[in-house]
Amino acid sequence: MLVVIHPNPEAASKQAAKIVADQVRRKTNSVLGLSTGNTPLATYAELIRMHREEGLDFSAVTTFNLDEYFGVPRDHPQSFYRHIHENFLDHINAKPENTHIPDGFSSDFAKTCMEYETAIKRAGGIDLQLLGIGRTGHIGFNEPTSSLASRTRLKTLSDETIADNSKISGEIPTISITMGIGTILEARRILLLATGGKKADAVAKALEGPITSSVSASALQMHGDVTVMLDEDAAANLTHRDYYRRVIDQTAKHSPERLGLK
Ligand code: PGA
């Protein structure tokens, strides 16, 4: 796991954007896994800037969003469909037929979930999955006690997640449709972004605690290519901070491409 600690959220977001941009430049038909929430907004803004000013081309890119609220139609103000469109997809040149968001308004969820998994496989699997982390340690909406082998399915939200997300968008549904942890772990590369002191406890448990379904993000310890972008506040409870900095200095020297630096 590459853990990069930045002085502030802006620097973390910009470097996350560099890694995504580098992925898209190296493989123009990359399959990207996208996340919603507040954390990736600055990363999306930077990618939009790169698209407009530097010609970063998403025309052959395919995207799959992690999750969606249950019972929420696409055009609902709280839908993640609208969130990702307003904050990213509407401002780049990805083809609408290549962008995928779980259908929260399906009348047959078992089928919808299965088809989402099939669509990811048909696209060749996810090359780079962007993730945030919840205060509960969730990735996607995989709340504590989610099976580490779980696939796309309906998931009941925890009280903490309902409280946190209600602060952003008012009263929210209490059930979601989310990629499972097993689905996420199949991505070839994972980029986790976390900023702010509220995430410090979840980040420390995920990165340095035991692998446990009580902290879904701890499952990332079993993945071979995870990069974690943090600001100082989100990194505050990590015990190996100095070691991570030394690793990053070495990586920047010897494998700069892993950090989007080349
Ligand atoms: P946030 O959500 O970016 O709004 O904090 C992260 C998450 O729940 O995964």
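Every number in this text was worked out from the coordinates using simple rules, so none of it is lab data. Just so it is clear, the structure is predicted and the values come from calculations on it, not from any experiment. Note: ideal-geometry Cβ built from the backbone for every residue, glycine included; neighbour counts use all protein chains shown.
Worth pointing out:
- Cross-link reach list, lysines versus residue 199, counting only Cα pairs under 21 Å and skipping chain neighbours closer than eight places: 14, 167
- Averaging Cα coordinates gives a centre for the range 211-240 and one for the range 8-26; these two points are 18 Å apart.
- Toward the positive end of the charge dipole of the chain, with +1 on the Cβ of Lys and Arg and -1 on the Cβ of Asp and Glu, the farthest Cα among 84, 112, 51 is that of 51.
- Rounded, prolate or oblate (a/c below 1.5 giving rounded, otherwise prolate when a/b exceeds b/c) for the range 144-212 by Cα gyration tensor: oblate
- Counting only Cβ charges, +1 for Lys and Arg and -1 for Asp and Glu, the dipole size of the chain around its Cα centre is about 680 debye.
- Gyration tensor (alpha-carbon) shape descriptor, the range 61-147, a/c threshold 1.5: rounded
- Shape of the range 83-221, Cα gyration tensor, a/c cut at 1.5: rounded
- Cβ-placed point charges (K, R +1; D, E -1), dipole of the range 108-262 about Cα centre in debye, nearest 20: 420
- Global dimensions of the chain from alpha-carbon coordinates: Rg and Dmax equal 17.1, 52 Å.
- Take every DSSP beta bridge whose two residues both sit in the chain; close to 25 percent of them are antiparallel.
- Note: relative contact order over the range 2-259, using C-alpha pairs below 8 Å and six or more positions apart, is 24 percent.
- Take 131-140, 208-217, 228-237 and order them by the average number of nearby Cβ atoms within 10 Å per residue, most first; the result is 131-140, 228-237, 208-217.
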